[in-house]
Structure formats: C-alpha cells, structure tokens
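Worksheet: one structure, shown below.
The values are calculated or read from the model by the stated rules, or taken from the named source; none is laboratory data. Please read all numbers here as calculations on a predicted model, not as lab measurements. Note that we place each Cβ from the backbone using ideal geometry, even for glycine, and neighbour counts take in every protein chain shown. Note: accessible area is taken over every heavy atom of the protein model, side chains too, but ligands, DNA and RNA are not part of it. Shrake-Rupley method; radii C 1.70, N 1.55, O 1.52, S 1.80 Å.
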Amino acid sequence: CRLERFGMAAWVARHTRAMNDYIDNRVPGHTFFFTVRLRDERSTLLTEHISAFGEAIRLARTRKPFHVDAWVVLPDHAHAIWTLPPGDNEVAARWRAVKIAFSKSLHKSGMISEEASTIWSRRYQGHDVTDHAEYGRLVDYVHRNPLRHGMCDRVLDWPWSSLHRFVAQGYAVPD
C-alpha cells in the first residue's frame, strides 16, 4: 500500500496511541485512511475555501456513498478516514470526484484561472485500515495533525476537524 511505501503507517504506529475506544464510530464496510495534497505546499486554498471543499465531498458522497469517519483539513493537505459500503473498494473514483468538484468550484469563482495547471498533487496516499487498534491510532493522528504542523496550540483550537464532532459525542480530546 502507498502509505507503507512512504513509511507513514510505521510512523503512526510508533508515535501515536489511541486514547479512545472508537468502536461506536465504526460502520460496516472497508475502511481507508487517506492523505491528499495540493501541488503547491505553500498553498492555503483548502482552508481559504473550506466550504467548497466540504461541498465537493458532499457531492462525491451523493454519487458514490461513503461514511466519513474522521477528517482534518490543513491549508495544503487533508487527512480522512472513510468507510465504503461492504463490497465496494472504489476509492480512486471518489477522490477524483472530490478533486474535480473542488477545482471546478475555484475556477467558477475566479479564484484560479481556467488555464492554471492542476492544483492537486497527482496522487493521494491511501492505506487500508486493518483492525480496530489501528483505526483508533489513525483517528487520533488525524485529530492531532494541526498541532503537529504548528497550526494551533491545542487541537481543539483547529476549526477544520472532525474532532469537534467526536468531543460532542463524549470522546476525550487526544493529548
């Protein structure tokens, strides 16, 4: 898997531990962890246009359903944990739909020109989530990511994260 090729799965396993038992957040189906990046690592398009990114995900979900288990959006990249319906492993088409919808939205609003080359990194990193312990570590990794990148002083301070939903459901804030 791509995530293992980049060594990220091993890093997450070594440097994180799940604080919470997220069993109640799981739904039936195949679960994946993703990282998608903008081509320009200095870009802030994702957070500047968070509503367009959210709408792109909503549109992709209406065409090919999936459950968004956890997510975080940083200025130049996003992490997500998705669970697809049982028997469905078609992740590439879903991310392609998200990327296209977000890019079209920016083109329509005049934020980027039609002539501009793609704003997205060509590939995404994806990883099959194999068990409950890994799922918990990855949920916490997603929620800690803004702190790790120096975007905030406390994970609760970062507005573009599913952490707020988790806390509202009674889960502890990861340290």
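About its Cα centre, the dipole of segment 39-119 is roughly 280 debye, where the only charges are +1 on Lys and Arg Cβ and -1 on Asp and Glu Cβ. With one equal scatterer per alpha carbon and no solvent term, the Debye-computed log10 I(q)/I(0) for segment 48-123 at 0.12, 0.16, 0.27 1/Å reads -0.34, -0.60, -1.49. On segment 47-145, 52 percent of the accessible area sits on carbon and sulfur atoms, based on a 1.4 Å probe. Placing SER103, SER51 in order of accessible area, with the largest value first and a 1.4 Å probe, yields SER51, SER103.
Put a plus charge on the Cβ of each Lys and Arg, a minus charge on the Cβ of each Asp and Glu, and nothing anywhere else: the dipole of segment 69-108 about its Cα centre is then about 300 debye. Subtracting the Cα-Cα distance of LEU156 and ASP131 from 0.36 nm times their residue separation leaves 6.3 nm of extension gain. With only the Cα atoms considered, segment 34-175 has a convex hull volume of 118 Å³ per residue.
Taking every alpha-carbon pair under 8 Å whose residues sit at least 6 apart, segment 24-175 reaches a relative contact order of 31 percent. If you average 1/r over all unlike Cα pairs in segment 26-74 and invert the result, what Kirkwood radius do you get in angstrom? Evaluated over segment 26-74, this radius sits at 12.5 Å.
The label point for LYS104 and the one for SER51, both projected 7 Å from the Cα toward the Cβ, are 1.9 nm apart.
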